[in-house]
Structures are given as structure tokens and as C-alpha cells.
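Before any comments, here is the structure.
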Amino acid sequence: MANRVVIGKRSSEFGLFISKNGEDVFTTTNPLGFDSRAAGALNVHSFGQGILVPDIQHRTTGAQLAYTYSGTSYNQHTVTITHNLGYIPAFAVRWCTGNEISSGVATKVWNPFSYYTGVDAYVEEDEDSGDEEQFDGADGSSGLVVVSSSTSTIVLKNVAERAYEEDNRVKGKATTILDSAAYFYSYLIFTEPNFTNGESL
């Protein structure tokens, strides 16, 4: 059985050290389950921010719709953040919609979902009556989701349901992305291993 807990000296340093299950606390080179030298804080590995839009094509050209903010055009609905730490790290993601930005600052932020059913919302027009019918994500997963977190990457996706102009939306195609469907995100990746089952803090 591996030694997992040390209170005192480990190598040349003193503290409380706990290794992961099956690893010897004295010899492991992997991140520890607990290290008192962290002083109760998470150490930042990397950080960033960006804007993701829904996966929506222009109703006449078929091209991916873009969203413009401060003179820059954004058209990505998924982002892959590479960390290459060799283990799933602790990370924190927050997001808000375009209409929750005021003078370049978020007025509120939301936690991401950690699951996605793959069911996007769209609006279909009944050819006979001309009425529109809304189809929403089956589990209410509209928002920013953490699609996956791995030993090398974290993948985020915009699965907005509120993506279309009220008067110009048919079967997942539109001409304009609403502010409420453009998601402004920021993230922190820490050096500590993930302790939330691969989800965002």
C-alpha cells in the first residue's frame, strides 16, 4: 500500500501533503490531492476571454452569421482552450450575453452548463398557416456549455436558443444574431487538479 499522507518533511519542504489514490506521497511526480504550500489559494496557469455566437447560417447566403463588437467580427460557436497540463485542471468559466455588457463591463455573469444534449432550438414556419413554432433544447441547455475537459484542452460552446430576429427566422437560419445570443466568456485555468468532476468552479 502506497504512503499517501505526510505531516512534516517531504523532500526538502515541510507541510501537509496528501497524494492521489494509489500514488506514494514521497515519490509521485503527479500533482498532489492536497498541498498545504498552496496556502488555500489556487495558482493560475492561464486565462483569457472571447465571444462565441450560435451556430446559425445566413438565411440567403448560407454563411455562418457573425456578431460585431467594438469593430471586431466574431463567428465562432465553439472554442478549444489548450492547456497541455497532462491532467484535468481546476478551472473557472463565467459568461454573459451581449446585452449584459455596459461600457465594456459585464453587469452580471453566469456559470456554464456542464452538459449538452446536442438539441438546438430553431423556429419552423408552418407552410399552410404561416404560424411559427418554437423548438427548444430538450433539457433547457441554452447557454454556454463546457462540452469537455481533458488532460490537454477545455472546450466551450454557445448553444443559444434566443438567436433570431423576431421577424426573420426560419429553420435555424436568420440574418442577424441578437445581443442576447452572443456570449462573452472569460476563463481561468489553475495548476491544481480538478476536484469538481471535470466541471467549472
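The values are calculated or read from the model by the stated rules, or taken from the named source; none is laboratory data. Quantities reported herein were computed from a predicted structural model and do not represent experimental measurements. Every residue, glycine as well, gets a Cβ built from its backbone with ideal geometry; the counts of neighbours run over all protein chains shown.
General observations
- Selection within the range 65-76: residues that are of a type outside the set (A, V, I, L, M) and either modelled with pLDDT under 90 or assigned to a strand (DSSP E or B) (or both). The member of this set that is nearest to the chain's Cα centre (by Cα) is Y74.
- Among residues of the range 45-67, those that are surrounded by 12 or more Cβ atoms within 10 Å (Cβ to Cβ) and of a type in the set (V, I, T), counted: 3
- Top-ranked residue in the range 41-64 [being of a type in the set (V, I, T) and more than 22 Å from the chain's Cα centre (by Cα); ranked as nearest to I88 (Cα to Cα)]: T61
- Options V44, V105, V93, V79: the member that is over 18 Å from L178 (Cα atoms), at pLDDT 85 or above and out of contact with any strand residue (DSSP E or B) (no Cβ under 9 Å at 6 or more places or on another chain): V105
- When the range 7-17 is filtered for residues that are surrounded by 15 or more Cβ atoms within 10 Å (Cβ to Cβ) and at pLDDT 85 or above, only R10 remains.
- Yes/no for L32 being in a loop (DSSP other than H, G, I, E, B) and surrounded by 12 or more Cβ atoms within 10 Å (Cβ to Cβ): yes
- For the range 91-111, a residue qualifies if it is farther than 16 Å from T68 by Cα and over 14 Å from the mean Cα position of the chain (by Cα), and the qualifying residues are V105, A106, T107, K108.
- Note on the range 114-201: enclosed strands (runs of 3 or more DSSP E) holding 3 or more residues that are under 30 Å from N21 (Cα atoms) and modelled with pLDDT of 60 or more are 144-149, 153-158, 183-193.
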